[in-house]
Amino acid sequence: PCLEKYCGAGRKCRLSPDGGIALCVCMKKCGIRHRPVCGSDGKVYANHCELHRAACNKGTPLTVSRLMRCLHQ
């Protein structure tokens, strides 16, 4: 079922305990690639993956903003 399910950035597909339903869950961790990005919440994230993971965990949309926004907070 996960082959046919797109979960979006910051999420991954997991099968339900009985294995019958594909569920989208927030990623627990991202790779170690360090490419800082500024989020629309004014916070700096280590990379795009961390920004999308934070958005998933918070349940709010986050986008990449100009770095100056984060530097002036």
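Provide the convex hull volume over Cα atoms per residue for the range 2-71, in Å³.
Numbers: hull volume 6.3 nm³, N = 70.
Taking the convex hull of the Cα positions in the range 2-71, it is 90 Å³ per residue.
Which length gain, in nm to one decimal place, applies between residue 3 and residue 29 when the Cα-Cα distance is subtracted from 0.36 nm times their residue separation?
Numbers: separation 26, 0.36 × 26 = 9.36 nm, distance 2.10 nm.
The residue 3-residue 29 span can extend by a further 7.3 nm.
Angle of helix 48-58 to the longest C-alpha principal axis of the chain, folded into 0 to 90 degrees and rounded to 10: 70°.
Quick one: compute the contact order of the chain, relative version, from alpha carbon pairs under 8 angstrom and 6+ residues apart, as a percent. Could you put the intermediate results ahead of the total?
On the way: 114 pairs, mean separation 19.6, N = 73.
Computed value for the chain: 27 percent relative contact order.
Counting every other Cβ atom within 10 Å of each residue's Cβ, 72, 48 order from fewest to most as 72, 48. With θ taken as phi - 60° and the Karplus curve 6.51 cos²θ - 1.76 cosθ + 1.60 applied, the whole-hertz 3J(HN,Hα) list for the range 12-22 is 9, 8, 10, 7, 4, x, 7, x, x, 10, 8 Hz, x standing for glycine and proline.
A simple rule links phi to the HN-Hα coupling: the Karplus curve 6.51 cos²θ - 1.76 cosθ + 1.60 with θ = phi - 60°, which for the range 27-43 gives 5, 7, 8, 10, x, 8, 4, 9, 9, x, 10, 9, x, 5, 8, x, 9 Hz, with x for Gly and Pro.
None of the figures in this text is laboratory data; all of them are computed from the coordinates on show. Note that the structure is predicted; figures quoted are calculated from it, not measured. Here the Cβ is made from the backbone with ideal geometry for all residues, glycine too, and neighbour counts use every protein chain on show.
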